[in-house]
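What follows is a short report on a single structure.
The values are calculated or read from the model by the stated rules, or taken from the named source; none is laboratory data. Treat the numbers as computed from the prediction; the structure is a model and nothing was measured. Quick reminder, even Gly has a Cβ in these numbers, built from the backbone with ideal geometry, and neighbours come from all protein chains shown. The protein model used for the area step is the full one, side chains on, heavy atoms only, and it has no ligands, DNA or RNA in it. Shrake-Rupley method; radii C 1.70, N 1.55, O 1.52, S 1.80 Å.
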Amino acid sequence: MERLKFAGRRLLYMIVMLFGVATMVFILTKLIPGDPAVANLGQRAMSNPEVVAAYRAKYGLDKPLIIQYFMYMGNLLHLDLGTSIRTNNEVLFELKRCFPATIELALMSIILATIFGILFGIISAVRRNSILDQGLRVISVTGVSIPSFWFALLVLYFLYYKLQLFPGPGRLSNTFSAPETVTGLYVLDSLLEGNTAKAMDALSHLILPSIVLAAFTMGLITRTTRSNILDVMSTDYIRTAKAKGLSETGLILKHALGNALIPVLTVIGLGLGNLLGGMVLVETIFNWPGVGQFAYESVTAADYPSIIGVALLIALNYMVINTVVDILYGIIDPRVRCS
């Protein structure tokens, strides 16, 4: 019963936060310099007042701001995100089209970040203060510090242009057509088609952008894993096990790792939320047709409904992941449910 109350409180907080985010995003988009009519109508159309007036009336831009706000919030309750000014399609349709590409990239990135982050963290803890430890700590700090757009350009220049180890931007090579949409994930849909070559090509296109996106989260996981393992190694039960003759490597793998990874789960969950919300530059550089690239194109066109829709989707993703992590953490650690 206590667990259900804790989960209920977290879900209620998420709904309140989503309402607040929707309000703040609406206000901020209206403060963005630029006129959607100027951005989307040609010069000839702008010189015709009737065309401009019809355009503003079509998208509700001629109404007072407060009326636009209540109209939009009412539409949100019906899961209506409005119509994209740029594409004339429903914003929800555009997000459904773009979201699978972003999910595929985020999942690949978090898998790479988790595997290498935990591995590097364990090695650093086992070889504490060695040259290997110092090197891995430099890698983790670099991953956290380097700007993603700069890292993306370096990766493209060296691994694609110079060394030609991996394919360039896009989700597939020109020799393949997009697989029939089942899940929207090209690797999985290609496998469902029975086309292994296409699946491998889609997977190879995932590697470079995934490395760029995984760098930051991998650095956090490495540092968190290392510090938590070292903290657990100083506890009484570990010292007792060590006194019985167990090696340090055995102590870490058999006794310390399980407890040390509990906080790492939180970092992984929040890292996935950050990946879903931080793909604008990376997707644009790699020509990846996901939510990030859609957001960039919407901003440049002053497409307010799409901008708000993207912001709400990212906020919802982050809040859902954060809520799930909170609930799981409360199940693992009963002390959290009392807070």
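Of all residues in the range 270-324, count the ones that are more than 14 Å from Leu18 (Cβ to Cβ) and open to solvent by 30 Å² or more (accessible area, probe 1.4 Å).
16
Table: residues versus (1) open to solvent by 30 Å² or more (accessible area, probe 1.4 Å); (2) out of contact with any Gly (no Cβ under 7 Å at 6 or more places or on another chain); (3) at positive phi.
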| site | (1), (2), (3) |
| --- | --- |
| Gln164 | yes, yes, yes |
| Leu185 | yes, yes, no |
| Asp201 | no, yes, no |
| Ser210 | no, yes, no |
| Thr217 | no, no, no |
| Arg239 | yes, yes, no |
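Can you find a residue that is more than 23 Å from the chain's Cα centre (by Cα), at pLDDT 80 or above and not hydroxyl-bearing (Ser, Thr, Tyr) anywhere in the range 96-110?
No, because not a single residue in the range 96-110 is more than 23 Å from the chain's Cα centre (by Cα), at pLDDT 80 or above and not hydroxyl-bearing (Ser, Thr, Tyr).
Quick one: Leu81 ticks every box in (1) buried (at least 21 other Cβ atoms within 10 Å of the Cβ); (2) within 26 Å of Leu220 (Cβ to Cβ) bar one, so which box is it?
(2)
Look at Ile238 and say whether it is over 21 Å from the mean Cα position of the chain (by Cα) and modelled with pLDDT of 75 or more.
Details: over 21 Å from the mean Cα position of the chain (by Cα): yes; modelled with pLDDT of 75 or more: no.
No; evaluated as a whole, the condition is false for this residue.
Say whether the condition of being modelled with pLDDT of 85 or more and within 21 Å of the chain's Cα centre (by Cα) is met by at least one residue in the range 268-278. Can you show your working first?
Just the residues of the range 268-278 that are modelled with pLDDT of 85 or more, to begin with: 268.
Retained after the next criterion (residues that are within 21 Å of the chain's Cα centre (by Cα)): 268.
Yes, that holds for at least one residue.
Test each condition in (1) small (Gly, Ala, Ser); (2) modelled with pLDDT of 90 or more; (3) surrounded by 13 or more Cβ atoms within 10 Å (Cβ to Cβ) for Ala197 and report the one that comes out false.
(3)
Per-residue answers, yes or no, for (1) part of a helix (DSSP H, G or I); (2) in contact with a Phe, Trp or Tyr (Cβ under 8 Å, 6 or more places away or on another chain):
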{"position": "Leu153", "(1), (2)": "yes, no"}
{"position": "Tyr157", "(1), (2)": "yes, no"}
{"position": "Gln164", "(1), (2)": "no, no"}
{"position": "Pro167", "(1), (2)": "no, yes"}
{"position": "Arg171", "(1), (2)": "no, yes"}
{"position": "Asn174", "(1), (2)": "no, no"}
{"position": "Pro179", "(1), (2)": "no, yes"}
{"position": "Val182", "(1), (2)": "no, no"}
